[in-house]
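Only one structure is covered here, and it is reproduced in the block below.
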Amino acid sequence: SRPDRAGKRKLIVLFRLPLTTAARIASIQGASGLSEAYVLKALAKEGRAALRELKGDADLEPLLSIANDMRSVPASRMTVGEAMTVYLRQGTLDAMHSALGDPWLILPKATVVGAFLAAIVTRLIEARLER
């Protein structure tokens with residue numbers, strides 16, 4: 001284990017977005033000519049880096065409504081997922097469960113983290129569309 005990953009949990013998360021959100025990628029300036037899959041992968045990597053920086057409740061609050069919405073989207077209305085390795089602080093993982101109303105940690109960790117990763121990427125897409 002590398003020193004920068006000490007105290008972190010390693011999870012495999014299936015990165016997926018609602019089809020309606022993914023469709024907005026074509027409107028991002030600079031994305032024309034690039035495949036949706038390529039842009040999604042780049043956004044997912046950027047989102048994964050942001051996910052590693054989350055520290056607790058205050059960082060999760062702006063993402064919570066989107067993360068909750070992600071959990072209610074049926075799989076048939078989501079993009080095809082790509083498995084990603086994610087490293088996350090245990091305290092952040094616990095805060096994510098709590099924020100989603102799962103203080104007993106019953107929901108699968110990958111589902112919880114995936115919802116927040118999708119929320120981060122959704123915010124990245126929105127920010128780029130506002131430019």
**Q.** Net charge over other residues, Cβ less than 9 angstrom from the Cβ of R9 (K, R count +1; D, E count -1)
**A.** +4
Q.
Can you work out the Karplus-derived ³J(HN,Hα) for every residue in the stretch 97-110? Use 6.51 cos²θ - 1.76 cosθ + 1.60 with θ = phi - 60°, whole Hz, and x for glycine or proline.
A. 4, 4, 4, 8, x, 10, x, 8, 6, 7, 5, x, 4, 5
Q: Give me the percent of the accessible area of the chain that comes from carbon and sulfur atoms, probe 1.4 Å, all protein chains in place.
A: 53 percent
Q: Would you mind computing, in nm to one decimal, how far apart the modelled labels at A58 and D94 are, each placed 7 Å from Cα along Cα→Cβ?
A: 1.8 nm
Q: Report the label-to-label distance for A49 and R71 in nanometres (one decimal), using points 7 Å from each Cα along the Cα→Cβ vector.
A: 2.9 nm
Q: Could you pull out every residue, at least 5 positions away or on a different chain, whose amide H is within less than 5 Å of the one on L107? Hs are placed 1.01 Å off N in the peptide plane, and Pro or chain starts have none.
A: none
Q: Starting at the first residue of the stretch 56-72, write each ³J(HN,Hα) from the Karplus equation 6.51 cos²θ - 1.76 cosθ + 1.60 with θ = phi - 60°, in whole Hz, x for Gly and Pro.
A: x, 3, 4, 6, 7, 3, x, 9, 4, 5, 5, 4, 4, 4, 4, 5, 9
Q. Where does the chain land at 222 nm, in deg cm²/dmol rounded to the nearest 500, when only DSSP H runs of n ≥ 4 count, each adding -39500 (n - 2.57), divided by all residues?
A. -15500 deg cm²/dmol
Q.
How much length would be gained if the chain were fully extended between R9 and W104, taking 0.36 nm per residue of separation minus their Cα-Cα distance, in nm to one decimal?
A. 32.4 nm
Q: With a 1.4 Å probe and every protein chain left in place, work out the accessible area per residue of the stretch 38-129 in Å², rounded to a whole number.
A: 49 Å²
Q.
Just to confirm the number: angle between the C-alpha axis of helix 36-53 and the first principal axis of the chain, 0 to 90 degrees, nearest 10?
A. 30 degrees
Q.
Please list, ordered by chain and number, the residues whose modelled amide H lies under 5 Å from the amide H of I28; skip anything fewer than 5 residues away on the same chain.
A. none
Q | For F15, distant residues with modelled amide H under 5 Å away | A | E82, A83, M84
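The values are calculated or read from the model by the stated rules, or taken from the named source; none is laboratory data. Owing to the predicted nature of the structure, the values given are computational and were not obtained by experimental measurement. Here Cβ is always computed from backbone atoms with ideal geometry, including for glycine, and neighbour counts include all displayed protein chains. All accessible areas refer to the heavy atoms of the entire protein, side chains included, with ligands and DNA or RNA removed. Shrake-Rupley method; radii C 1.70, N 1.55, O 1.52, S 1.80 Å.
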